[in-house]
Amino acid sequence: MQNPVQKHLHTITMADIAHVGALTTVSKSDSVEKAIKILSENKILSAPVMDGNNCAGLLDMIDIAYFISKVSPDDISLNENMLRSLEIAGRAIALEEVGAILNESQRDPFVPVFLSNKASMAVDLFATGIHRVPLRDADDNLVGSLSQTDVVNYLEKHIVEGDMKHLANKTITELSLTPKTVFTANIGDSVLSAVNMLKDKGVSGIGIVDNDNKLVGNFSASDCVDLYQDQLPSLLSNMTEFLEKYSPKSMKPVVVKPDATFVEVIREMSTSHVHHVFVVDANNTPVSVVSITDVMKCIRDYVE
């Protein structure tokens, strides 16, 4: 049986939904710290990494979060010599070259595609967990990029059209997107423990709960954008202190109930500019989370 969304996406190309134009890039020889500052200043979460005139891959905040986790001190080291341990971690971030941490998370392998490729191909790629792909024109020039968010933004406008509405109007429970394990940290936990959880659980975002297990925030790899060398002591802050200072938006998690429809989740992701929507019960306790990768998988695998 045909998949109506993929059938529609097969009628358009990457160029119809992609970001094409001037790209912010980083150099393979740049330090990780410089790359973080470039991403922060341009308010972006990933960038192509250039090796001369060639694109060597993509660097994103998940790679950086995993690297920060790897070089940061463990609990024993912190207890023995907190400042010295953070100094060593900061030096690693300041000196390590971007080329050494390309695809550190193994979540965004370098998979270039062409503007002329069908948009359905993007869903197939993004359903595997890839977040963004670089785009090339017919002359093999790097001309833009396409992200999971670009696809969601397009679908937010079109998924209620024609036969696609049959998927759009199904609930996330009907689509088996809930319940699902939600990884959470307590508001009193340190930022370092949250960064380590991202790496240990292989996820890009977690929920933040209070002492009654009610959802009060979320923490994702993008929240690490301010953790360059002189800000590393922030790793020792608790979640509330850190998010209120650096990412107050993250203290207002985007939530839906289990009876939310697929299109409602897509709209929340598009309008709120988030990659995760938490599913909560009547007590605001998280019972599931729908990631943007889950949305891509659902679209890829759906059959009527």
| request: Could you pull out the residue among Lys201, Lys165, Lys214 that is open to solvent by 10 Å² or more (accessible area, probe 1.4 Å), charged (D, E, K, R), farther than 30 Å from Asn53 by Cβ and within 16 Å of the chain's Cα centre (by Cα)? | output: Lys201
| Is there any pair linking a residue in the range 169-185 that is closer than 16 Å to Arg267 by Cβ to one that is of a type outside the set (Gly, Ala, Ser) and part of a loop (DSSP other than H, G, I, E, B), with Cβ under 7 Å and at least six apart or on different chains, and which? | Thr171/Asp259; Ile172/Thr178; Ile172/Pro258
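Of all residues in the range 1-11, how many are open to solvent by 80 Å² or more (accessible area, probe 1.4 Å) and either aliphatic (A, V, I, L, M) or assigned to a strand (DSSP E or B) (or both)?
Start the filter on the range 1-11 by keeping residues that are open to solvent by 80 Å² or more (accessible area, probe 1.4 Å), which leaves 1-2, 7, 10-11.
From the residues that got through so far, the ones that are either aliphatic (A, V, I, L, M) or assigned to a strand (DSSP E or B) (or both) too are 1.
Count: 1.
For the subset of the range 12-50 comprising residues that are among the hydroxyl-bearing types (Ser, Thr, Tyr) and closer than 20 Å to Thr149 by Cβ, which member is least open to solvent (accessible area, probe 1.4 Å)? Lay out the reasoning, then the answer.
Filtering the range 12-50 for residues among the hydroxyl-bearing types (Ser, Thr, Tyr) gives 13, 24-25, 27, 29, 31, 40, 46.
The next check asks that each one be closer than 20 Å to Thr149 by Cβ; those that pass are 13, 24-25, 40, 46.
Working: Thr13: 35, Thr24: 47, Thr25: 57, Ser40: 35, Ser46: 18 Å².
Applying the filter and picking the extreme gives Ser46.
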| task | Specify the residue that is farthest from Ile172 (Cα to Cα); the eligible residues are those in the range 231-253 that are under 19 Å from the mean Cα position of the chain (by Cα) and surrounded by fewer than 17 Cβ atoms within 10 Å (Cβ to Cβ). | result | Pro248
| query | Of the residues in the range 272-304, how many are over 18 Å from Ile159 (Cα atoms), over 15 Å from the mean Cα position of the chain (by Cα) and not charged (D, E, K, R)? | reply | 9
| request: Could you list, in sequence order, all residues of the range 129-142 that are touching a residue at least 12 places away in the same chain (Cβ under 8 Å) and either closer than 17 Å to Thr25 by Cβ or under 20 Å from the mean Cα position of the chain (by Cα) (or both)? | output: Gly129, Ile130, His131, Arg132, Val133, Pro134, Leu135, Arg136, Asp137, Leu142
| query | Looking at the range 258-279, which of its residues are part of a helix (DSSP H, G or I) and touching a helix residue (DSSP H, G or I) at 6+ places or on another chain (Cβ under 6 Å)? | reply | Phe262, Val263, Ile266, Arg267, Met269, Ser270
| request: Answer yes or no: is there a residue in the range 228-242 that is assigned to a helix (DSSP H, G or I), modelled with pLDDT under 90, closer than 28 Å to Ile299 by Cα and not aliphatic (A, V, I, L, M). | output: no
| For the range 114-129, how many residues are open to solvent by 40 Å² or more (accessible area, probe 1.4 Å), more than 18 Å from Val20 (Cα to Cα) and assigned to a helix (DSSP H, G or I)? | 1
| Across the range 1-51, what is the total count of residues that are within 21 Å of Ala92 (Cβ to Cβ) and among the β-branched types (Val, Ile, Thr)? | 5
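The values are calculated or read from the model by the stated rules, or taken from the named source; none is laboratory data. The structure displayed is predicted, hence computed values, not measured ones. Methodologically, a virtual Cβ is constructed for each residue, glycine included, from the backbone with ideal geometry; neighbour enumeration extends over all protein chains shown. Only protein heavy atoms, including side chains, enter the accessible area calculation; ligands, DNA and RNA are left aside. Shrake-Rupley method; radii C 1.70, N 1.55, O 1.52, S 1.80 Å.
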